[in-house]
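The next block holds one structure in the form of structure tokens; read it before the comments.
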Amino acid sequence: MEDVRRFFAQSCDFVLAAAQPEHFGSITVDLPEVAFWGRSNVGKSSLINAITGRKNLARASNTPGRTQQIVFFNMAGRLLFADLPGYGHAKAPKVEVNKWNSFIRYYLKTRLRLRCVILLIDARHGVKANDHEMMTFMDKMAVNYQVVLTKADQVRGSDPAACVAEVEAQLKKHPAARPTVMLTSSEKGLGIDELRAFLVELAAMG
Ligand SMILES: Nc1nc2c(ncn2[C@@H]2O[C@H](COP(=O)(O)OP(=O)(O)OP(=O)(O)O)[C@@H](O)[C@H]2O)c(=O)[nH]1
Ligand SMILES: [Mg+2]
């Protein structure tokens, strides 16, 4: 655990924000990569901030769909993090949605050192139809993904462990998903060390 803490005590620096495929060409570092993805407002940016221990590294906001770019961060020269735009924003126009879907498809296809997508699911809401859709999308592309439940501190009236078990049961239908689910709260720091340990493991694999 101490090694994990030491890893994340190092610097994490903004690399660039890509708004279109051509921008990937400006990324000069060659590192194993991890992407954070999930519905709009699920807590992607907050989770990146919690993992790296920086309050405002990835902008977190109350405005869904705010992160409209793929934002890259260099973690200690060991891992590249990509904060992906969220999906499922009800107010987004269809042409915009299609544009972002194809940009993300391009991202998933071309980032050769992408080791894992951290797929965030709101612990209060469970797996929605569009989450299943994105999982099926990654299954077809054989993109390895780890499901992380967010906002565990907000779960009321149900047992978070039961929520974990239910989501794990649903993942059996998704071949590219890692079989176990992590429960987190960026607000309370719950599950953050477990996720950090997993990321350090990915970095160690190179
Ligand atoms: N209670 C609680 N709120 C959280 C947690 N994580 C995120 N939030 C809140 O949820 C809202 C959205 O968080 P973001 O981190 O901006 O979500 P995002 O997935 O990056 O959103 P987009 O980039 O817009 O798709 C913010 O108001 C956060 O403060 C958490 O663990 N607990
Ligand atoms: Mg965001």
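The values are calculated or read from the model by the stated rules, or taken from the named source; none is laboratory data. Worth saying up front: this structure is predicted, and the values here are computed from it rather than measured. Cβ sites come from the backbone with ideal geometry, for glycine too, and all protein chains shown count toward neighbours.
Here are the numbers for the structure shown:
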read-out: Members of segment 155-168 found to be surrounded by fewer than 17 Cβ atoms within 10 Å (Cβ to Cβ) and either under 17 Å from Tyr145 (Cβ atoms) or hydrophobic (A, V, I, L, M, F, W, C) (or both), listed by number; value: Ala161, Ala162, Ala165, Glu168
read-out: All positions within segment 14-58 that are over 21 Å from Tyr106 (Cβ atoms) and free of Cβ contacts under 8 Å to residues at least 12 places away in the same chain; value: Lys55, Asn56
read-out: In segment 133-162, the residues that are assigned to a helix (DSSP H, G or I), farther than 20 Å from Ser40 by Cα, within 19 Å of the chain's Cα centre (by Cα) and hydrophobic (A, V, I, L, M, F, W, C); value: Met141
read-out: Residue count for segment 9-39, restricted to those that are farther than 11 Å from Val71 by Cβ, crowded, with 19+ Cβ neighbours inside 10 Å and out of contact with any Cys (no Cβ under 8 Å at 6 or more places or on another chain); value: 6
read-out: Candidates Ala152, Ala142 - the one that is surrounded by fewer than 18 Cβ atoms within 10 Å (Cβ to Cβ) and at pLDDT 95 or above; value: Ala142
read-out: Restricting segment 30-58 to residues that are assigned to a helix (DSSP H, G or I) and of a type in the set (S, T, N, Q), the residue that is farthest from Gly126 (Cα to Cα); value: Thr52
read-out: Positions within segment 169-200 being basic (Lys, Arg) and surrounded by 19 or more Cβ atoms within 10 Å (Cβ to Cβ), in sequence order; value: Arg196
read-out: Qualifying residue in segment 183-198 (condition: hydroxyl-bearing (Ser, Thr, Tyr) and modelled with pLDDT under 95); value: no
read-out: Matching residues in segment 49-88 - criterion: being at pLDDT below 80, more than 10 Å from ligand 2 (Cβ to nearest atom) and either basic (Lys, Arg) or surrounded by 19 or more Cβ atoms within 10 Å (Cβ to Cβ) (or both); value: Lys55, Leu57
read-out: Answer from Tyr87, Tyr106 - the residue that is of a type in the set (Ser, Thr, Tyr), within 23 Å of Pro21 (Cα to Cα) and in contact with a strand residue (DSSP E or B) (Cβ under 8 Å, 6 or more places away or on another chain); value: Tyr87
